[in-house]
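Let me begin by presenting the structure, written as structure tokens, before commenting on it.
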Amino acid sequence: MEEEIDWDQEAENWTKWARTPGHDAYWYYRDRFFDEIVPPAGRCTVELGCGEGRVVRDLQKRGHRVVAIDRSRRLLRYAKESDPDGLYLIANAARLPLTDASCDLVVAYNSLMDVADLPTTVSEAARILEPGGRICVCVTHPLSNAGNFVNSESGSAFHISETYFGRRNFEGTFERDGLTMTFRGWSMALEDYTRTFEGAGLLLEALREPQPSDTTARFAAWHRMPMFLTMRLVKP
């Protein structure tokens with residue numbers, strides 16, 4: 001069994017990174033996720049891998065009653081400080097402390113790439129969903145994870161140096177505007193994700209490859225190549 005990513009060691013860096021308005025890609029992709037993938041608020045929404053809580057706060061603004069799950073005590077502390085009335089639980093997403101059919105929506109925004117046991121995590125999400133409930137997912141696009149742009153120019157070629165297929169570790173440290181963040185996780189092909197959902201008995205209802213709302217040079221290349229993949233699945 002592969003080891004889980006330890007987000008405690010990057011908790012401070014991530015909180016600064018995530019809470020600086022306009023700093024990372026989230027600000028330019030979130031609206032299409034909430035508008036096109038996430039259904040209207042129901043009786044209970046569970047977020048897997050809530051981190052410092054920005055997705056929870058955006059869900060709450062849209063009327064969702066959220067139970068937030070994360071493994072990092074430090075990140076949950078930051079989330080709770082910003083949302084004292086919110087419900088935050090420390091748990092492994094592969095062993096959720098929730099009963100069967102206890103919610104009608106699960107949201108996993110850029111968190112499935114960070115779990116060591118993806119099949120069990122997805123099966124747990126399916127278990128806590130009521131029949132007809134949905135899971136909404138955003139992951140780094142499997143194709144964008146497979147390579148890199150040759151340079152920073154807007155028309156740069158995208159080069160895949162090894163293979164698109166298979167599950168593999170990734171790690172990268174990024175610096176911008178005085179902030180530094182190291183990302184770690186796993187990348188895999190689209191077929192690996194869909195087979196995992198099939199194995200959990202989930203049916204694909206929607207799939208999108210969104211473009212960023214930012215049209216400046218900073219995101220020019222990402223109007224030619226998808227950075228993220230978003231999906232909505234339903235439990236029959």
- Query: In the range 1-86, how does Rg compare with the Kirkwood Rh, expressed as the Rg/Rh ratio over alpha carbon atoms?
  - Reply: 0.97
- Task: Over all directions, average the projected area of the Cα convex hull of the range 96-156 and note it in nm².
- Result: 5.7
- Unpaired by the 4.7 Å Cβ criterion, cysteines found in the chain: C50, C136, C138
- List the relative contact order of the range 1-81 as a percent without decimals, with contacts defined as Cα pairs under 8 Å and 6+ residues apart. 34
- Item | Volume of the Cα convex hull of the chain, divided per residue and given in Å³ | 121
- Message: Test of understanding: in a Gaussian network model of the chain with alpha carbons linked when under 10 Å, which of V137, V150, V55 would top the mean-square fluctuation ranking?
- Response: V150
- Task: Pick out which of L129, L203, L48 has the largest mean-square fluctuation in a Gaussian network model of the chain, springs linking Cα atoms closer than 10 Å.
- Result: L203
- If you take the charge dipole of the chain about its Cα centre, with +1 on Lys and Arg Cβ and -1 on Asp and Glu Cβ, which of A220, T180, M113 is farthest toward its positive end? A220
- Task: Determine the sum of side-chain charges near R134: Lys and Arg each +1, Asp and Glu each -1, restricted to other residues whose C-beta is under 11 angstrom from that of R134.
- Result: -1
- Helix-derived [θ] at 222 nm for the chain: sum -39500 (n - 2.57) over DSSP H runs of at least 4, divide by residue count, nearest 500? -6500 deg cm²/dmol
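Which value does Rg/Rh take for the range 61-114 over its C-alpha atoms, Rh per Kirkwood? Mind showing how you got there, number by number?
Details: Rg = 11.6 Å, Rh = 12.4 Å.
In the range 61-114, Rg relative to Rh is 0.94.
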- Item | Choice from I69, I135, I90 with maximal GNM fluctuation in the chain (Cα, 10 Å cutoff) | I90
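Every number here is computed from the coordinates shown, using simple stated rules; none is lab data. All of these numbers come straight from a predicted model, not from anything done at the bench. All Cβ positions, even for glycine, are placed from backbone atoms using ideal geometry, and neighbour counts span all protein chains on display.
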